[in-house]
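**Student:** Here's a structure for you.
The values are calculated or read from the model by the stated rules, or taken from the named source; none is laboratory data. Remember, it's a predicted structure, so these values are computed and weren't measured experimentally. All Cβ positions, even for glycine, are placed from backbone atoms using ideal geometry, and neighbour counts span all protein chains on display. SASA here: full protein model, heavy atoms, side chains in, ligands and nucleic acids out. Shrake-Rupley method; radii C 1.70, N 1.55, O 1.52, S 1.80 Å.
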Amino acid sequence: MKKLLLTFAASVAMTSALAWPDKPVTLIVPFPPGGSTDLIARTLIPKLQEKLGGTFIVDNKAGATGTIGAGVVARAPADGYTLLVSSLGPFVIAPHLLAKVPYDALKDFDYITVAVQAPNVLVVPASSPHKTIADVIAYEKANPDKMTFASSGNGSSDHLTAELFWLQTGTSGTHIPYRGGGPVMTDLLGAQVDASFMNINTAMPQILAGKLRALAITSAKRSPLLATVPTMEESGIKGANVYSWQAIAAPRGLPADIKTKLNAAIVAGLNDPQVKAKLLDLGFEIVGSSPEQFTAYQAAEFARWKTLITTRNIKAD
């Protein structure tokens, strides 16, 4: 009898997977509309509908640095109809910063793909006396904690990049957290703060306008958008490559064939000539990793940021 029930359950699951998607698929974005993660989700939807059929919709469930939306996905049925499109924060940063999150980042998700990544850029106002990253290091060594670095919030990618920079160079500055990237840009352009490790997507318009000066980039190689700006490694700073990334995951237990279909459709969509050109122009690098690659990357990033947050005693508030 038990064998019969297992066979029946497997048959139902297979039939369901073959019919997928026969109702709307919800892409939960754990942040407000208008940000980079929301942009990636909405850019992918037409391509997913084209390649998989069915209807795909975005549902923005913001709050608690992205952990509310991630928790909703973790508790959803693993049937392919609820997906998480998120930046690295809920996956590898928030679990180390918050006392409690409503999911286990290593156990509650099936990882489908890292869609895109983008480096951060060390920028200063155009009026800054610092012309190179060597200038910044020399100044900080001579004036510990005097130079201010703005970020979009405690535990954000720009904050953690600054902490990593100080750790790897043996220097120290003062972190100034803001509530979001908008106020950071306002005060940086007004020279109310000295520097910021901004995401390249955010910084590019003001760099091109000559209002911000880019000193170094956190990618493994130079960006074609900023070909004259050296990488951190070229500047003699090891172990400071940092990428902000957007990825897609599902509740743990997603049927294997749905995972395969989703991964193939997302990767194909990202590499569509028009989509790819648009994303590259915005500063994104196409990744399109396999589920296995994303799972390994998630574990490595989780451990990396845990070590930094513990070593630097970084708090959420």
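**Student:** Provide the solvent-accessible area of Tyr111, counting protein heavy atoms only and rolling a 1.4 Å probe, rounded to the nearest 10 Å².
**Tutor:** Approximately 10 Å² of Tyr111 is accessible to the 1.4 Å probe.
**Student:** Gln274 to Ala303: extension gain in nm, 0.36 nm per residue of separation minus the Cα-Cα distance?
**Tutor:** On the way: separation 29, 0.36 × 29 = 10.44 nm, distance 3.56 nm.
6.9 nm is the gain from fully extending Gln274 to Ala303.
**Student:** So, with +1 on the Cβ of K and R and -1 on the Cβ of D and E, and no other charges, what is the size of the charge dipole of the chain about its Cα centre, to the nearest 20 debye? It would help to have the intermediate numbers written out before the result.
**Tutor:** Numbers: 28 positive and 24 negative charges, 79 e Å.
Once rounded to the nearest 20, the dipole reads 380 debye.
**Student:** Roughly how many nanometres apart are two label points built 7 Å out from the Cα toward the Cβ at Arg252 and Lys131?
**Tutor:** The modelled label-to-label distance comes out at 5.5 nm.
**Student:** Go ahead and run the numbers for FRET between Glu292 and Val58, Cβ-Cβ distance against an R0 of 30 Å, rounding to 0.05.
**Tutor:** Details: r = 27 Å, r/R0 = 0.89.
Efficiency computed from Cβ-Cβ geometry: 0.65.
**Student:** Let me ask something else. Quick one: pull the percent of accessible area on the chain belonging to carbon and sulfur, 1.4 Å probe, ligands and nucleic acids left out. Don't jump to the answer; show the numbers that get you there.
**Tutor:** Numbers: 8090 of 14010 Å².
For the chain, the apolar C and S fraction of the accessible surface comes to 58 percent.
**Student:** Starting from 0.36 nm per residue, how many nanometres of slack lie between Arg75 and Thr186 once their C-alpha separation is accounted for? Present the calculation step by step, with values, prior to reporting the outcome.
**Tutor:** On the way: separation 111, 0.36 × 111 = 39.96 nm, distance 3.87 nm.
Here the answer is 36.1 nm.
**Student:** While we're looking at this one, here's another question. Please list, in order along segment 171-176, the HN-Hα scalar couplings obtained from phi with the Karplus expression 6.51 cos²θ - 1.76 cosθ + 1.60 (θ = phi - 60°), rounded to whole Hz, x for Gly and Pro.
**Tutor:** Along segment 171-176, the couplings run 10, 8, x, 10, 7, 10 Hz.
**Student:** Can you compute 3J(HN,Hα) from phi for each residue in segment 92-99, using the Karplus curve 6.51 cos²θ - 1.76 cosθ + 1.60 with θ = phi - 60°, rounded to whole Hz and x for Gly and Pro?
**Tutor:** 9, 10, 4, x, 9, 9, 9, 4
**Student:** List the residues whose amide H sits under 5 Å from the amide H of Asn60, counting only those 5 or more places along or on another chain, with H placed 1.01 Å from N in the peptide plane.
**Tutor:** Counting only residues 5 or more places away or on other chains, the set is Val29.
**Student:** Rounded to the nearest 500, what is the 222 nm mean residue ellipticity of the chain from helices alone, with -39500 (n - 2.57) per DSSP H run of 4+ residues and division by all residues?
**Tutor:** -13000 deg cm²/dmol
**Student:** Measuring from a point 7 Å past the Cα of Thr228 along Cα-to-C-beta, which residues in segment 200-214 have an amide N at less than 11 Å?
**Tutor:** Answer for this model: 214.
**Student:** Mind grabbing the accessible area of Met185 for me, 1.4 Å probe, Å², rounded to tens?
**Tutor:** Accessible surface of Met185 is approximately 30 Å².
**Student:** Moving on. Would you please give the FRET efficiency between Ser172 and Ala264, computed as 1/(1 + (r/R0)^6) with r the Cβ-Cβ distance and R0 = 41 Å, to the nearest 0.05? Could the numbers behind the result be given before it?
**Tutor:** On the way: r = 47 Å, r/R0 = 1.15.
For Ser172 and Ala264, the calculated efficiency is 0.30.
**Student:** Mind telling me which of Leu122, Leu83, Leu280 comes out most flexible in a GNM of the chain, alpha-carbon contacts under 10 Å?
**Tutor:** Fluctuation is largest for Leu280.
**Student:** Over all distinct alpha-carbon pairs, what is the Kirkwood Rh of segment 208-302 in angstrom?
**Tutor:** Numbers: mean 1/r = 0.0632 Å⁻¹.
Mean inverse Cα-Cα distance, inverted, gives 15.8 Å.
**Student:** Which ³J(HN,Hα) values in Hz, rounded to whole numbers, follow from the phi angles of segment 140-156 under the Karplus curve 6.51 cos²θ - 1.76 cosθ + 1.60, where θ = phi - 60° and Gly and Pro get x?
**Tutor:** So the Karplus estimates, Gly and Pro as x, are 5, 5, 7, 9, x, 6, 7, 7, 9, 10, 8, 9, 7, x, 4, x, 6 Hz.
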